[in-house]
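Heads up, the thing below is written out as structure tokens.
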Amino acid sequence: MKKGRSIIGIFLFLMIASLLVVGLLTVLFQNNSTNNEEKSELKKESLHIVAIGDSLTQGVGDTSNSGGYVPIVADLLKETDNYKEVTTSNYGKSGDRSDQILERFYESEDIQEDIASADIVVLTVGGNDIIQTLKQHLLTVTKENFLIPEATYKENLTTLLSAFKKVNPEVQLYIFGIYNPYSIYFPEITEMETIAGEWNETTKEVVNETENATFLPIADLFNPSLKHEEKKDVLINEEEAKEQAKEQAISNPYLYEEDLFHPNEAGYQLMSEVLFQAIVAE
């Protein structure tokens with residue numbers, strides 16, 4: 001009889017001990033899971049991107065009217081699940097040169113406040129500075145005509161990046177380079193390619209001298225058939241280039257067909273991917 005009670009007692013003891021162990025493990029697992037979720041949530045931060053610049057920031061050529069590269073890169077970043085949320089502000093204005101972007105920054109408290117609280121500032125600049133020189137000289141333009149404008153552009157860009165850093169020393173800056181939209185249509189016209197290349201080198205130089213700043217080259221993206229062999233140095237004005245390109249029925253899959261100058265949706269997708277890769281690499 002005592003032996004039977006002893007066996008029952010041992011059985012009850014083991015059962016109670018098992019329940020206690022299971023309960024303890026359950027509590028530990030739940031606490032560990034909660035801690036992991038809290039740690040994971042702490043790692044996630046909100047990301048605010050401010051885009052400022054010319055028509056490439058405004059999104060001209062994007063027939064979906066979504067805003068060009070800005071919303072695309074935001075969606076790409078959201079898909080990584082590394083951020084609680086990704087918000088954007090777009091201060092792109094078609095036609096703006098470097099001096100006009102700088103002027104808008106100084107005149108707008110909204111822009112200054114937005115950049116002051118931003119994690120990332122993205123800038124498109126330089127294309128309209130070149131276009132201004134082309135329009136001033138038309139068919140008589142030479143490489144020498146770009147020397148003074150390029151020096152002025154460099155000064156404006158240096159001042160602009162310094163102004164961004166003054167209101168937000170910790171902000172990460174990304175500056176897109178420019179591209180020559182006519183290279184695929186007129187591969188024999190190399191002087192414009194040279195000018196765009198020199199302009200990009202100037203931008204890169206200023207960016208490299210700025211803390212937490214990254215230059216984003218996109219020239220080759222929009223010139224898929226770019227050739228580097230020596231060709232005749234000729235300049236062509238913008239309107240004539242558009243008409244000849246249309247007559248030749250050549251198409252660049254990344255340019256807006258209405259002006260053969262701005263990116264289309266596919267072009268802005270390319271820009272977004274370049275920016276996205278640069279951001280995630282930081």
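Extending each Cα 7 Å along its Cβ direction at GLU282 and GLU79, get the distance between those two points in nm, one decimal.
Taking the simple label geometry, GLU282 and GLU79 are separated by 2.0 nm.
Hey, can you grab everything whose amide H is under 5 Å from the amide H of THR88? Only 5+ residues off in sequence or another chain; H modelled, so Pro and N-termini drop out.
Long-range HN contacts for THR88: ILE49.
Going by average Cβ density within 10 Å per residue, which order do the peptides 253-261, 47-55 take, highest to lowest?
Answer by packing, highest mean first, reads 47-55, 253-261.
Could you run the Karplus curve 6.51 cos²θ - 1.76 cosθ + 1.60 with θ = phi - 60° over the range 60-68 and give me ³J(HN,Hα) per residue in whole Hz, x for Gly and Pro?
Karplus-based 3J(HN,Hα) across the range 60-68 equals 4, x, 7, 5, 7, 6, 8, x, x Hz.
With 30 Å as the limit, write out which pairs from LYS78/LYS154; LYS93/LYS143; LYS135/LYS165 have Cα-Cα distances beyond it, or answer none.
LYS78/LYS154; LYS135/LYS165
What's the exposure ranking of SER64, SER272, going from fewest to most Cβ atoms within 10 Å?
SER64, SER272
Taking the highest mean first, how do the peptides 83-93, 104-114 order by number of other beta carbon atoms within 10 angstrom per residue?
Descending packing order for the listed peptides: 83-93, 104-114.
Could you give the length gained on full extension between SER162 and ALA116, defined as 0.36 nm per residue of separation minus the Cα-Cα distance, in nm?
Gain on stretching SER162 to ALA116: 15.3 nm.
Got a sec to turn the phi values of the range 264-275 into Karplus ³J(HN,Hα) couplings, 6.51 cos²θ - 1.76 cosθ + 1.60 with θ = phi - 60°, whole Hz, x for Gly and Pro?
9, 4, 5, x, 5, 4, 4, 4, 4, 5, 5, 5
As an exercise, use a Förster radius of 30 Å and the Cβ-Cβ distance of LEU147 and GLU107 to find the FRET efficiency, rounded to the nearest 0.05.
It comes to 0.55.
No value in this document is a laboratory result; all are computed from the given coordinates. Keep in mind the model is a prediction, meaning the values are calculated, not measured. Don't worry about glycine lacking a Cβ; one is built from the backbone with ideal geometry, like all the others, and counts go over all protein chains shown.
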